[in-house]
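Single-structure report; data block below.
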Amino acid sequence: MKMRVQLVIEDASGATTSTDIAAIERRTDDLIGLSLEEAKAMTGTVQRFMVEAQAREAIVQNSTCPECQSRLCRNGTHRIHYRTPFGRLDLDSPRFYRCRCQTSRRGSISPLALWLGAHTSPELQYLEAQFAALLSYGVSARILATVLALERATSITTWKRHVGTMGARLDREAHERIAAVPALNDFGLPKRNPLQAVGIDGGYVKASDAPSRQEGWFEVMVGKSLPRAGTGQVFAFVHLEAKPTERMERFLAEQGVFPARPTTFLSDGGDSVRQAQGDFRAFGEPILDWFHVAMRMTQLSQAIKGLPADEQDAPDHIEECLRTLRRAKAPVWHGSPHRALHTIEELTWDIGTESERAQALQDKLEEFMNYVMANLATIPNYADRHRHGEPIATGFVESAVNQVVSKRFVKQQQMRWTPNGAHRLLQVRTRVLNQQLRKDFERWHPQLRSDSDPVRMAA
Ligand SMILES: [Zn+2]
C-alpha cells in the first residue's frame, strides 16, 4: 500500500498550494503505523512549510508603509535561524528601507525579525526549561532528540543560556504573580490563613570555584507549604543571591496568605535554617520539628545503653539513666525545655567520665543541650498543638528538599555551580515542580494558550 501525506495551504485570497510531505509504502508484514524517524521527518517538514508560509505572509503585510501605503524599498536580505522543537528553520529575511514619509533617516527594518521575536520558539523554550529543571542537560538532549527533530535546533550552551535567562525573569517577575487577596471573607471577617505551615530546610551545593573536595559549598534554602486543602508548593533560593524575608513574603503572598495572618514555620533547628526561621518571625511563628528532637533523644538512649556494664551495679545504673532521660522528654513535649535541660544536667552527673564511652556520651549530652538552648524560642507545647491537629513535624518538607536539591544538584557530585547559576535554575525548577511553568509561558506568550487558537483536528 502506498500512502501520501500532503499539506494544503490556503492563503487569504483563497488560493491553495499543496506540498508533498511524505510518501510511505507498507506491506502487510511491515511496521504498523509510523516509525519514530518518519514522524520526526514529517513534523519537521510540516513545520518548515507552515512557518515559511506564515513568514511570507508576515513579510508581505509589513513591506508597505503603514501611513502612506507605498511599497518599501528592498535593502538586501539576510538569513535568520529560527529554532523550534520540530527543527531549526533557516529563513530568508528581507530588509526594507523605512519609508520617507516616516523618517528622514535611511534606517532599515526587517519585518520577519520583528514578527519572530526571539530566535527560539516559545514551545522549544518551554521544553528546554521543563527538561533542564528535572534532568541534566546531556540526558535531556538525548531524550528529546529521540522523539523530536531537534537536530541543529538547540545546543547545550544555548540551552543553558535560555534557562538562565528564564530563571532570572521568573525571579524578577515574582511580584507580578502575587494574588491580590481580599483581607476579609464574605461575612466581613478576617480570612483564615490558607496554609497550615511552611516547612523550611537547607541544602548545600558544590561551588564551581571550590578549592578542594571538602571546601566550597554554598547554601540553598528550600521549603514547602502545607496548605489546609490541596497540595503544597515548593520554593528555593540561594542565600547569597536573595533576601530571605523578601522571598518568603512573595512565597506566602503568591499562595494567598494575607500579610496579617501569621504562618507557622517548621524546621529541624539546624544551624543553617535557624537564621532564616528567625528572619521569618515577622510573618509568623517559628517552630522546631518535634521528630528531630525526639530522634536526638532516641540516639542518646542508644548511647546510654552502650555504656560499659563492668561494674557491679551497672544494669541498674543504665536503667536509672534511661529513666532520667525519659523524664527529660516529657517536658519538651509539653513545651518546658528549661525543665528538660535541668534533668539532662542531672544525667551528666550520674554518668560521670570514668570510661571512654561515658566521655563520649557526655559530649553527646552537651551537644543536645546546646541544640535545645539554641532552639529554646521555637519549642512550643507540642502536646497542645498535636491535640489541636496543628503540624509539629517537617516530614512534608524532606521529600521536597530531595526533590528540589538533591536529585539535580547534589547527587551528581561532579556538578558544580555558581551561586547565581544555581539560584536561577532553582527558580525554573520550583516552577516546574509546582506545575506553574506552563502558566508562566502562557503569560509571556499568550498565543500559547490552548484556548486562544483551538486546533481543529480533521475528523
Ligand atoms: Zn510612507
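The values are calculated or read from the model by the stated rules, or taken from the named source; none is laboratory data. All values derive from a computational prediction rather than experimental measurement. Here Cβ is always computed from backbone atoms with ideal geometry, including for glycine, and neighbour counts include all displayed protein chains.
Note down all Cβ pairs under 9 Å where the first residue falls in the range 332-354 and is over 23 Å from Ile392 (Cβ atoms), the second is small (Gly, Ala, Ser) and modelled with pLDDT under 90, and they're at least six residues apart or on different chains.
Matching pairs, first to second residue: Ile351/Ala358; Gly352/Ala358.
In the range 55-71, which residues are more than 16 Å from the ligand (Cβ to nearest atom) and over 13 Å from Ser93 (Cβ atoms)?
Quick first cut of the range 55-71, residues more than 16 Å from the ligand (Cβ to nearest atom) only: 55-60.
The answer is Glu57, Val60.
So is Ala132 outside the structural domain of Phe86 (by TED's automatic domain parsing), without any contact (Cβ under 8 Å) to a residue 24 or more places away in the chain and either of a type in the set (Phe, Trp, Tyr) or part of a helix (DSSP H, G or I) (or both) or not?
no
Which of the residues that make up the range 218-262 are among the β-branched types (Val, Ile, Thr) and touching a Phe, Trp or Tyr at 6+ places or on another chain (Cβ under 9 Å)?
First, pick out the residues of the range 218-262 that are among the β-branched types (Val, Ile, Thr): 220, 222, 231, 234, 238, 245, 257.
Correct list: Val220, Val222, Val238, Thr245, Val257.
Please indicate, with yes or no, whether at least one residue in the range 214-222 is of a type in the set (Asp, Glu), more than 30 Å from Leu127 (Cβ to Cβ) and assigned to a strand (DSSP E or B). Full working, then the answer.
As a first pass, look at the range 214-222 and keep what is of a type in the set (Asp, Glu): 215, 219.
Restricting the remaining residues to those that are more than 30 Å from Leu127 (Cβ to Cβ) gives 215, 219.
Now narrow it down to the ones that are assigned to a strand (DSSP E or B): 219.
Yes, the range 214-222 has at least one match.
Sort out which residues of the range 76-128 are within 16 Å of the ligand (Cβ to nearest atom) and assigned to a loop (DSSP other than H, G, I, E, B), and write them in order of number. Quick ask: steps written out before the conclusion?
Pass one, the range 76-128, residues within 16 Å of the ligand (Cβ to nearest atom): 96-109, 111.
If the condition is that a residue be within 16 Å of the ligand (Cβ to nearest atom) and assigned to a loop (DSSP other than H, G, I, E, B), then Arg98, Cys99, Arg100, Cys101, Gln102, Thr103, Ser104, Arg105, Arg106, Gly107 are the ones that fit.
Just checking: which of the helices (runs of 4 or more DSSP H) contained wholly in the range 309-390 hold 2 or more residues that are farther than 24 Å from Pro286 by Cα?
Qualifying helices (runs of 4 or more DSSP H): 314-333, 337-351, 356-374.
Six or more apart or on different chains, Cβ under 6 Å: which pairs go from a residue in the range 94-116 that's touching a residue at least 40 places away in the same chain (Cβ under 8 Å) to one that's away from the ligand (no atom under 16 Å from the Cβ) and acidic (Asp, Glu)? Could you list them?
none
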